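The values are calculated or read from the model by the stated rules, or taken from the named source; none is laboratory data. Fair warning: this is a prediction, and the values are worked out from it, not measured in the lab. Cβ sites come from the backbone with ideal geometry, for glycine too, and all protein chains shown count toward neighbours.
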Amino acid sequence: MVDATPRMERDIPPAEVPELELYHPKSWWTTYVFSQDAKVIAIQYSGTAVAIGLVALVLSWLMRLQLGFPGTFSFITPEAYYQFITMHGMIMVIYLLTALFLGGFGNYLIPLMVGARDMVFPYVNMLSFWIYLLAVLVLAASFFAPGGPTGAGWTLYPPQAILGGTPGGQSWGIILMLVSLILFIIGFTMGGLNYAVTVIQGRTRGMTLMRMPLTVWGIFTATVMALLAFPALFVACVMMLFDRVLGTSFFMPALVEMGEQLSYGGGSPILFQHLFWFFGHPEVYIVALPAFGIVSDLISTHARKNIFGYRMMVWAIVIIGALSFIVWAHHMYVSGMHPWFGFFFATTTLIIAVPTAIKVYNWVLTLWRGDIHLTVPMLFALAFIVTFVNGGLTGLFLGNVVVDVPLSDTMFVVAHFHMVMGVAPIMVIFGAIYHWYPKITGRMLEDWMGKFHFWVTFVGAYAIFFPMHYVGLVGVPRRYPEMGEAAFMTAPVDNLNAFISVAALVVGFAQMVFLFNLVWSLRFGKEAGPNPWRATSLEWQTPTTPPPHGNWGDERPVVYRWAYDYSVPGAPEDFIPQNDPWPDKPATRAA
Amino acid sequence: MGETTLNGFGAKPARPSGIRGVAADWASDQRAFKSASWGKAMMWIFLLSDTFIFSCFLLAYMTARSSTTVPWPNASEVFALHMFGADIPLILIAIMTFVLISSSGTMAMAVNFAYRKNKGATVALLLATAALGATFVGMQAFEWTKLITEGVRPWGNPWGAPQFGATFFMITGFHGTHVSFGVLFLLIVARKVWRGEYDRGDRGFFTSRPGDYEHVETMGLYWHFVDLVWVFIFAFFYLW
Ligand code: HEM
Ligand SMILES: [Cu+2]
């Protein structure tokens, strides 16, 4: 029971930070384009992320076409295939998921959910988006650069990443990729500082940290992690850029290429791997923690029950965030490592399973005997739990050194990480869009299209990635456009591969229904009203829908309770908004 | 730093002290750091993030240095200057370090005078800090030039491991960039103090929030940080 005792306004400390006047846009340009309103910035971030995400989706079709029907498509050369996987992986992880969860949902939801008028420094927040856009453009430019985009794999491992044998290695591809990542990190830092400070220092009266919705906890923790993890990637990118452009040898050992000794020597490729994964593993949780937070709120709202074990959920998020900084070398078991280190990293990896399992139990216990409404957001939330458990279990396999060594670099790994960090967070993103679209636009998304979208996506995702585990166990390696002379090995899985590819195309086209729904409902969706899901958190209590610039009208809300007062016995309705002093009447608000 | 703010952002009195106070602050509404304004909190978090960047750079340098199979150039010879008929090891770098540390002193005094709203002294001290910072960058440019004329390049040098030049230029360059940006912002802050923008609470360009004298302190946080980082670079690069 987290303080459900309501208090009267006079018991709540007075405002510590005076109202600061917001910047008032004077023209169409400053209202909709160079806007400093976090909600507009959120939509700009999301739109850009989805747009570049569609590119990654199309690339995944091309890859699947090649894998399902090798040799049929002459334009998919092995080089092109490498370029596709690299761009697909990098876009999905960084430019879609990270940007959408933090830049998109973070910007929209944090100020509203903590009762702030905007982010603390709106101008810096705006710059964050424009630099992100620049990063995306630089990335997209590499498709048109001579030599095409880099084909180094999304991990960009040197030395191959900057050698002539890899597509883009000795042309523009890798340079543009590194520059784009550096820009992304700079842009993200500007936004991330804002999200973190808004949560720590910008909450409204009565909003204690332990009353924040779990969505805010998830996004906040992920932001702090990103601020500490991206530096490693930044440094790695700078050093690799110098290796490529200036001829330094940070990561480059002495090499012979085509019988010629290169001028590199003495660098350490393993150093890059450490830097990359010191970023890369936390990155997994940077996209997972916001998903954890959001899904908790979806489940609680749509099952009309308080979240089970709120405090435990908060601490689990924080502990997962902290632990994920000491597990990175589980991605390097096959790179060569002292056995004691392998032991250490395997142990820490398995320990993370504990807080993660706590979260899963708590979601299930929240559902237990709840009044479950199978709305579209709820369907996606349930799909998330199933998929996440699935991916988490294969993670336990791969976390053990002896099991990982034979499975590493097979399709089993591809199946694992798609389950856990591809499909699962995407499910939450869809659920969250169906959930908050009414607040953003004032209209509901069309229900039947939503259900269709859900079932095709959910069943389809399993059709794609479930058989892929088996394909990997049989021994099909990752990052191979086709099996060549080893094709006999894949004979039993050829049909499966074709099946997976067809499923991937179907799932892809179902997303077009979703996009259509987004546009169609903008005009023709049902009027939503201010609070269609009858939810408790502050964003549903704004004076107008969609919320105006500054969010709250004349006065910021005062918070009396946590965000999970659903089905409270004796309450007039089955939910009590956070800013409702029940059982006191709002009228008792004495000055 | 207790009551440091001027515009109503300050801490409210009568909070429990010590560890209980910390717990009470984190359990409270609105703000977890009761005496820190938004700008100051943001600077602290940024510096934490930046610490990770410099740590990664320095760790990369240590890895390169401890795993190289060829000799590492001898710092006290490479960084010696020929003065008064003798090779004096590390003399330039000693002066640079002294200059930068002194600039932290003038910065601290500037913060003090800013809170007393002594405009003249604040401006003078800020400009002194900026001048010392610029001197540091100038001497660094001299050092780079000297090394380059002696044949040190990012990809090689006459005395040993090529990673010497690579890490040297990268790390001191990154730090020097920090100092240069610091000088630029010191000048901007000095100008704002001089024109009385903090007395009137004019909107800052970068933040679009009303400014006040606390900006001097926030600027100071950055400056001391850059200074502290230099101590580590100095220790690991020149003394090791
Ligand atoms: C429409 C759904 C998707 C399909 C059909 C798909 C398909 C694929 C395929 C075929 C590969 C290459 C496997 C190989 O040959 O090694 C791949 C790699 C990858 N995918 Fe996806 N993917 C999808 C969604 C996602 C999402 C949502 C993410 C976000 C995390 C993601 C992240 C990655 C990453 C990181 C790689 C590794 C790239 C590399 O090896 O460098 N994918 N995907
Ligand atoms: Cu990992």
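Of all residues in the range A:206-220, those satisfying the criterion of being among the hydrophobic types (A, V, I, L, M, F, W, C) and surrounded by 24 or more Cβ atoms within 10 Å (Cβ to Cβ) are A:Met207, A:Met212, A:Leu214, A:Val216, A:Trp217, A:Ile219, A:Phe220. Scanning the range A:404-419 for residues that are assigned to a helix (DSSP H, G or I), near ligand 1 (Cβ under 10 Å from one of its atoms) and out of contact with any Ser or Thr (no Cβ under 8 Å at 6 or more places or on another chain) returns A:Met411, A:Val413, A:Val414, A:Phe417, A:His418.
Would a scan of the range A:453-468 turn up a residue that is closer than 29 Å to A:Pro78 by Cβ and either within 16 Å of ligand 2 (Cβ to nearest atom) or within 14 Å of chain B (Cβ to nearest Cβ) (or both)? Looking for residues that are closer than 29 Å to A:Pro78 by Cβ and either within 16 Å of ligand 2 (Cβ to nearest atom) or within 14 Å of chain B (Cβ to nearest Cβ) (or both), one finds none in the range A:453-468, hence no. Taking the numbered list (1) surrounded by fewer than 20 Cβ atoms within 10 Å (Cβ to Cβ); (2) without any contact (Cβ under 8 Å) to a residue 12 or more places away in the chain; (3) at the interface with another protein chain (Cβ under 8 Å from one of its Cβ atoms) in turn, B:Val70 passes all entries but (2).
Conditions tested, residue by residue: (1) at pLDDT below 95; (2) touching a Phe, Trp or Tyr at 6+ places or on another chain (Cβ under 6 Å); (3) within 16 Å of ligand 1 (Cβ to nearest atom).
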{"site": "A:Met449", "(1), (2), (3)": "no, no, no"}
{"site": "A:Val456", "(1), (2), (3)": "no, no, yes"}
{"site": "A:Gly475", "(1), (2), (3)": "yes, no, yes"}
{"site": "A:Tyr480", "(1), (2), (3)": "yes, no, yes"}
{"site": "A:Ala498", "(1), (2), (3)": "yes, no, yes"}
{"site": "A:Phe516", "(1), (2), (3)": "no, no, no"}
{"site": "A:Ala528", "(1), (2), (3)": "yes, no, no"}
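Just so you know, in the range A:79-123 the residues that are outside any helix (DSSP H, G or I) and among the hydrophobic types (A, V, I, L, M, F, W, C) include one that is nearest to ligand 2 (Cβ to nearest atom), and it is A:Met119. Can you report the number of residues in the range A:297-354 which are within 16 Å of ligand 1 (Cβ to nearest atom) and surrounded by fewer than 16 Cβ atoms within 10 Å (Cβ to Cβ)? Number of matching residues: 2.
The single condition from (1) away from ligand 2 (no atom under 15 Å from the Cβ); (2) out of contact with any Lys or Arg (no Cβ under 8 Å at 6 or more places or on another chain) that A:Leu379 fails is (2). Selection of first residues in the range B:145-163 that are farther than 16 Å from B:Gly173 by Cβ and within 8 Å of another protein chain (Cβ to nearest Cβ) and of second residues that are exposed (fewer than 11 other Cβ atoms within 10 Å of the Cβ) and of a type in the set (Ser, Thr, Tyr), restricted to Cβ pairs under 7 Å at least 6 apart or on distinct chains, gives an empty result. Residues that are closer than 17 Å to A:Phe384 by Cα, surrounded by 21 or more Cβ atoms within 10 Å (Cβ to Cβ) and touching a Leu at 6+ places or on another chain (Cβ under 9 Å) within the range A:454-485 comprise A:Phe454, A:Phe458, listed in sequence order. Taken across the range A:303-317, residues that are away from ligand 2 (no atom under 16 Å from the Cβ) and touching a Pro at 6+ places or on another chain (Cβ under 6 Å) do occur, with at least one present. Looking across the range A:221-262, the residues that are within 8 Å of another protein chain (Cβ to nearest Cβ), outside any helix (DSSP H, G or I) and surrounded by fewer than 23 Cβ atoms within 10 Å (Cβ to Cβ) come down to A:Leu246, A:Gly247. How many residues does the range A:362-381 hold that are away from ligand 1 (no atom under 16 Å from the Cβ), part of a helix (DSSP H, G or I) and touching a residue at least 24 places away in the same chain (Cβ under 8 Å)? Looking only at that region, the number is 10.
Out of all the residues in the range B:191-221, which are among the charged types (D, E, K, R) and assigned to a helix (DSSP H, G or I)?
Within the range B:191-221, B:Arg191, B:Lys192, B:Glu197, B:Asp199, B:Arg200, B:Glu214, B:Glu217 qualify.
One residue stands out in the range A:263-282 among those that are within 10 Å of chain B (Cβ to nearest Cβ) and polar (S, T, N, Q): the one that is surrounded by the most Cβ atoms within 10 Å (Cβ to Cβ), namely A:Ser268. Among the residues making up the range A:329-361, those that are in contact (Cβ under 8 Å) with a residue 24 or more places away in the chain, farther than 30 Å from A:Lys305 by Cβ and within 16 Å of ligand 2 (Cβ to nearest atom) are A:Ala329, A:His330, A:His331, A:Met332, A:Tyr333, A:Val334, A:Ser335, A:Gly342, A:Ala346, A:Thr348, A:Thr349, A:Leu350. Residues considered: B:Phe142, B:Phe136. Of these, the only one that is surrounded by fewer than 21 Cβ atoms within 10 Å (Cβ to Cβ), away from chain A (no Cβ under 14 Å) and either in a helix (DSSP H, G or I) or touching a residue at least 60 places away in the same chain (Cβ under 8 Å) (or both) is B:Phe142.
Which condition does A:Ala288 not pass, out of (1) within 14 Å of another protein chain (Cβ to nearest Cβ); (2) modelled with pLDDT of 95 or more; (3) surrounded by 24 or more Cβ atoms within 10 Å (Cβ to Cβ); (4) more than 24 Å from A:His373 (Cα to Cα), if it passes all the others? Every listed condition holds for A:Ala288 apart from (1).
Criterion applied to B:Met83, B:Met42 was being free of Cβ contacts under 8 Å to residues at least 12 places away in the same chain and within 14 Å of another protein chain (Cβ to nearest Cβ), and the one residue passing it is B:Met42.
If you check A:Ile76 against the conditions, is it more than 14 Å from every other protein chain (Cβ to nearest Cβ) and either outside any helix (DSSP H, G or I) or touching a His at 6+ places or on another chain (Cβ under 7 Å) (or both)? Give the derivation first.
Numbers: more than 14 Å from every other protein chain (Cβ to nearest Cβ): yes; either outside any helix (DSSP H, G or I) or touching a His at 6+ places or on another chain (Cβ under 7 Å) (or both): yes.
Yes: the conditions hold for A:Ile76.
Among the residues making up the range A:263-286, those that are without any contact (Cβ under 8 Å) to a residue 24 or more places away in the chain, not hydroxyl-bearing (Ser, Thr, Tyr) and not in a helix (DSSP H, G or I) are A:Gly265, A:Gly266. Annotation note: Cβ proximity below 6 Å between a residue of the range A:432-457 that is over 26 Å from A:Ala288 (Cβ atoms) and a residue that is crowded, with 22+ Cβ neighbours inside 10 Å (sequence gap 6+ or interchain) occurs for A:Met444/A:Pro438; A:Glu446/A:Asn517; A:Met449/A:Asn517. Just one of the listed residues (A:Ala135, A:Ala145, A:Ala140, A:Ala161) is part of a helix (DSSP H, G or I) and in contact with a Phe, Trp or Tyr (Cβ under 6 Å, 6 or more places away or on another chain), and it is A:Ala135.
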